[in-house]
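The values are calculated or read from the model by the stated rules, or taken from the named source; none is laboratory data. Model, not experiment: these values are computed from the prediction. For neighbour counting, all protein chains shown are included, and Cβ atoms are generated from backbone atoms with ideal geometry for every residue, glycine included. These accessible areas exclude ligands, DNA and RNA; they are computed on the full protein's heavy atoms, side chains included. Shrake-Rupley method; radii C 1.70, N 1.55, O 1.52, S 1.80 Å.
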Amino acid sequence: MSTKISKRIASAIINSLSAGVVPRIGIDNVAVGREKEIKSLLQNFEDVAQKGAAFRFIVGNYGSGKSFMLQLLRNQAMEQGFVVADADLSAEKRLAGTNQEGLATYRELMRNMAIKNRPEGGALVSILEGWINKIQQEVAKETGTRPNDDRFDDYVETRIQEVVASIEGLVHGFDFGNVISAYWRGYRLGNDDQKNAALRWLRGEFNTKTEAKSALAEVRVIIDDDTWYDYIKLIAKFTADIGYQGLLVFLDEAVHLYQIANAIAREKNYDKLLAIFNDTMQGRVENLGIFVSGTPKFLEDPNRGLFKNPAWQRRTKESRFVKQAGMQDISSPVIRLTPLNSTEIYALLQRIADVHAVNFGYEVKLQKQDFQNFVQAVENRLGAEALLTPGEIVRDFIGVLNVIHQNPAIAFSQLIRGADLRLTSDKDDAAEFSL
């Protein structure tokens, strides 16, 4: 690693990877490979920042690094000045449903909304108050007035209404603008109840219009299953208008849509996804990027995947010429994660060993040959070419590091020599076909 990392970050990385989940912080310290894919995806960031939009699928088998890629992109996006929001799709969090599953996804995105100085999520308050503070500073500089002066708040409100006016022409923009204005008035008057009511509305936490209107007189509607995506577009426009690069949304575990047993419910979710795809790809939305990860079956299964719908095939299928040449078009809507090569695996293991040593407070004693022997061992696995994934490699390697740290008398080579390293794919295959 080029820089020394803290014990806190090292611990977060090792604990996350040991549990089979992606770290929320410090992920750059263990990132290797994928340079072409990342370069292509970062181009999407530039498009979004220039009032464009983007939609990309990141497709790979279980453990291939899809979630890792999304988290890496999320962190880089915050560094570049974007607002980010991420959610793991599940049986309870989908794009559409009959029991507020779409709204549940929206609520999760709002909980996880993050910016550079609030990377852990919950950034909505920071975004709103940071914007208001910025306007106050600009007003003070331009008018020579101060917060206690009679006209100061009027000047600030004029500037706030300019931003609100730019949103009101969009679908549901009038109501969204009213709530932003209500938050400002609560801020201006020191009315925490009004500020909290506005935040609840923006987070989609009201279940009925009556409940919302009782808490916030300015509103006529609430965010619900049918409209949540319209508000994602409004937030993207709003964040760009107040100085951010735009909004990037990361949706992981789209295989859960594929696993919906009811065909009508599954197709309803696919139709919602198609509407979002069309919106972004046809330029009907500004400053919004959508990144979705899923397995190959989620995309290609002709019976229950996206490819069951010819519209999805037309939009995402690879060029036959490119496919026949054994190449990948990384500018297409679908990026497929291929296995890491030996050099990348070697670099990954070195980084993991460095982080592990920081976490447990020891000096790395492994030699180049130890890393090479481990790479050789995993490459010799039965079925490795088809099934070997970074997730498997990392879990195995951390387990070995844990044992030799706990048992100094055991040599690294002794531990991996003769181990049964055959792959077992039953679990992953079952996961893809579970209903």
Here the FRET efficiency for Thr158 versus Glu205, based on Cβ atoms and R0 = 35 Å and rounded to 0.05, is 0.70
Sulfur and carbon atoms: percent of accessible area, the chain [1.4 Å]:
49 percent
Mean Cβ-within-10 Å packing, highest first, puts peptides 274-284, 350-360, 75-85, 245-255 in the order 245-255, 75-85, 350-360, 274-284
From phi via Karplus (6.51, -1.76, 1.60), per-residue ³J(HN,Hα) for the range 256-267 in Hz, x at Gly/Pro:
5, 5, 4, 7, 5, 5, 6, 4, 5, 5, 5, 5
Most fluctuating residue of Gly97, Gly399, Gly121 in a GNM of the chain with Cα springs under 10 Å: which is it?
Gly399
Percent RCO, i.e. relative contact order, over the range 204-329, from Cα pairs under 8 Å lying at least 6 residues apart:
20 percent
Could you tell me the distance between the Cα centroids of the range 331-410 and the range 259-305, to the nearest Å?
34 Å
Quick check for you: with a 1.4 Å probe and neighbouring chains kept, what is the accessible area per residue of the chain, in Å²?
48 Å²
How much length would be gained if the chain were fully extended between Ser18 and Thr338, taking 0.36 nm per residue of separation minus their Cα-Cα distance, in nm to one decimal?
113.0 nm
Run the dipole for the range 1-158 about the Cα centre, Lys and Arg Cβ at +1, Asp and Glu Cβ at -1, nothing else charged, and hand back the magnitude in debye, nearest 20.
780 debye
Return the distance in nm (one decimal) between the two label points of a simple spin-label model at Gln43 and Asn402, each offset 7 Å from Cα along Cα→Cβ.
4.1 nm
Could you give the semi-axes, largest first, of the ellipsoid that matches the range 115-168, computed as the square roots of 5 times the alpha carbon gyration tensor eigenvalues and rounded to whole Å?
24, 15, 8
How big is the antiparallel share of DSSP beta bridges in the chain, given as a percent to the nearest 5?
10 percent
Net charge within 13 Å of Asp175 by Cβ-Cβ distance, Lys/Arg positive one each and Asp/Glu negative one each, not counting Asp175 itself?
-1
Calc'd 3J(HN,Hα), the range 113-130, phi into Karplus 6.51 cos²θ - 1.76 cosθ + 1.60 (θ = phi - 60°), Hz, glycine/Pro = x, comes to 4, 9, 9, 4, 8, 9, x, 7, x, x, 8, 4, 4, 4, 5, 5, 6, x
With runs of 4+ DSSP H residues as the only contributors, calculate the mean residue ellipticity of the chain at 222 nm using -39,500 (n - 2.57) per run, divided by the residue total and rounded to the nearest 500.
-17000 deg cm²/dmol
Rounded to the nearest 10, the angle in degrees between the Cα long axis of helix 368-379 and the longest principal axis of the Cα atoms of the chain comes to 90 degrees
Just the ratio, please: alpha-carbon radius of gyration of the range 205-346 over 2.2 N^0.38 Å, N its number of residues.
1.32
From the cross-link list Lys116/Lys213; Lys39/Lys195; Lys39/Lys268; Lys7/Lys93; Lys233/Lys308; Lys116/Lys268, the entries with a Cα-Cα span beyond 31 Å are Lys116/Lys213; Lys39/Lys195; Lys39/Lys268; Lys7/Lys93; Lys116/Lys268
Unit charges on C-beta of K, R, D, E only; dipole of the chain, Debye:
600 debye
Counting sequence-distant residues (5 or more places) and residues on other chains, those with an amide H built under 5 Å from that of Ala54 are Leu288, Gly289, Ile290
Stokes-Einstein D (µm²/s) once Rh is taken as the Kirkwood radius of the chain over alpha-carbon pairs, at 10 °C in 1.306 mPa s:
66 µm²/s
Just report the Cα centroid separation between the range 118-152 and the range 1-79, whole Å.
32 Å
Calculate the dipole size of the range 174-328 relative to its Cα centre from +1 charges on Lys and Arg beta carbons and -1 charges on Asp and Glu beta carbons; express the result in debye to the nearest 20.
420 debye
Karplus-derived 3J(HN,Hα) from phi for the range 198-210 (6.51 cos²θ - 1.76 cosθ + 1.60, θ = phi - 60°), whole Hz, x at Gly and Pro, runs 5, 5, 4, 5, 5, 7, x, 8, 7, 8, 9, 5, 4
